[in-house]
Amino acid sequence: MGEFDLIRRHFQRAPSTHNAGAVVLGIGDDCALLQPRPGHQLAISSDMLVVGRHFFADVNPEALGHKALAVNLSDLAAMGARPLGFTLALALPHADDDWLSAFASGMFALADAHACPLVGGDTTRGPLNICITVFGEVLPDRALRRDAARVGDDLYVSGCTGEARLALEHLRGSDWAAAAQGADLRARLERPTPRNALGASLAEAGARAAIDVSDGLLGDLGHILLASGVGAELRVAWLPSAPALQTLPEKQRLECLLAGGDDYELLFTAPTSARAAVKAAAALSRTPVTRIGRTVAGSGVALRDEKGQTVPFEARSFDHFA
């Protein structure tokens, strides 16, 4: 199976009815042509997944196809942007028909669910490496930018953090994670749910700044605080915790909640006047949302317990080059 046979067999589909007005030209030419709606800005994000760094070599290829697109859709969600389409650059050690079929199946199932067609890309031989670039559109005054938080904003997180980190430690054989239920947790690690419906609803609800939690809640919160020039008080007792984390030793539980990665939940700020609108956005998108603190003058994050006392915590979020 040659390169172009591979593309035709697994990735070239009939012209998509998804975003037909936005995708002027898809796969088959030197460039795709996209046309956002009048008055909208393009939102663009790329993510790379490398075997041995971002996923295990024995991962289910259908789950890998899902995750490869999900992590990019999550970036659009964090901007409040609507997906338009995506490109795929794929390096493969060899052309395995069964593997490719499963990978494409997982990827396209998520793409169809979010009306986000594949519009181009490239394939080559090499160590397994997946790079997706996703395109979306958003109104200029609705984008949930990291630099938009203001002192006194409420701080929220969707869903729960920490399960993906626990799954990773379980797969690594960490003693403290040995009792975790691996099958359910592995789905949280390998099949994250991008919160696009919530992101779009939050943009309408008056939320200000947002980021998706990919490298750990504290580390990703730090990006918002630095860009916005504010600090934060985070109430540890308010953090939503999945049942699997509640039996862990406290140190490891906090590491999962605050420093675990691969959650792809939305962490965002909104003015206190928007509390009812945020609640309505969560209900509309069928996504649980929890208020976990507030932004304050200054810099950095103060972790507080139920009595307002400082909670010591030293773990760091993930950094590829640290």
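Every number in this text was worked out from the coordinates using simple rules, so none of it is lab data. Note that the coordinates shown come from a computational prediction; the quantities given were computed from them, not determined experimentally. Positions of Cβ are generated from backbone atoms using ideal geometry, with glycine treated the same way; all protein chains shown enter the neighbour counts.
Computing FRET efficiency as 1/(1 + (r/R0)^6) for residue 251 and residue 307, where r is the C-beta to C-beta distance and R0 is 22 Å, gives about 0.65.
Placing unit charges on C-beta atoms (Lys and Arg positive, Asp and Glu negative, everything else neutral), compute the dipole magnitude of the stretch 177-322 about its Cα centre in debye, rounded to 20. Please list the in-between numbers first.
Details: 16 positive and 16 negative charges, 105 e Å.
The calculated dipole for the stretch 177-322 is roughly 500 debye.
With no solvent and one point on each alpha carbon, what is the Debye value of log10 I(q)/I(0) for the stretch 1-113 at q = 0.11, 0.16, 0.18, 0.19 Å⁻¹? These q points yield log10 I(q)/I(0) values of -0.39, -0.84, -1.05, -1.16. For the stretch 208-259, the direction-averaged projected area of the alpha-carbon convex hull comes to 4.1 nm².
Over the chain, DSSP H runs of length four or greater, each weighted -39,500 (n - 2.57), average out per residue to a 222 nm ellipticity of -10000 deg cm²/dmol.
In which sequence would 279, 67 go, from the one with the fewest C-beta neighbours within 10 Å to the one with the most?
Going from sparsest to densest Cβ surroundings: 279, 67.
Separation of the stretch 86-119 and the stretch 208-254, taken as the distance between their Cα centroids, equals 32 angstrom. Its relative contact order, with pairs defined as Cα atoms under 8 Å and 6+ residues apart, puts the stretch 146-304 at 46 percent.
Between the residues 25, 245, 228, the greatest Cα displacement towards the positive end of the dipole of the chain, with unit charges on the Cβ of Lys, Arg, Asp and Glu, is found for 228. So if we plug the beta-carbon distance of residue 37 and residue 291 into 1/(1 + (r/R0)^6) with R0 = 41 Å, what FRET efficiency do we get, rounded to 0.05? That gives a FRET efficiency of 0.80. With contacts taken as Cα pairs under 8 Å at a separation of at least 6 residues, the chain carries a relative contact order of 22 percent.
Mean Kyte-Doolittle of at least 0.5 plus a Cα span of 20 Å or more along the axis: flag which DSSP H helices in the chain meet both, please.
Qualifying helices, which must be both long enough and hydrophobic enough, are 61-79, 97-113.
Taking Cα centre as origin and charging only the Cβ of basic (Lys, Arg, +1) and acidic (Asp, Glu, -1) residues, the dipole magnitude of the chain rounds to 980 debye. Here residue 307 is the anchor, and the lysines within straight C-alpha reach of less than 27 Å, apart from those fewer than 8 places off in the same chain, are 251, 279.
Calculate log10 I(q)/I(0) of the chain for q = 0.09 Å⁻¹, where I(q) comes from the Debye formula with a single equal point scatterer on each Cα and nothing for solvent. Cα-only, vacuum Debye calculation for the chain: -0.48.
Computed from point charges on the beta carbon alone (+1 for Lys and Arg, -1 for Asp and Glu), the dipole magnitude for the stretch 3-138 about its Cα centre is near 320 Debye. Treating each Cα of the stretch 146-304 as one equal point scatterer and applying the Debye formula with no solvent, the log10 of I(q)/I(0) at q = 0.09, 0.10, 0.17, 0.18 Å⁻¹ comes out as -0.28, -0.34, -0.94, -1.04. The DSSP beta bridges internal to the chain are antiparallel in roughly 75% of cases.
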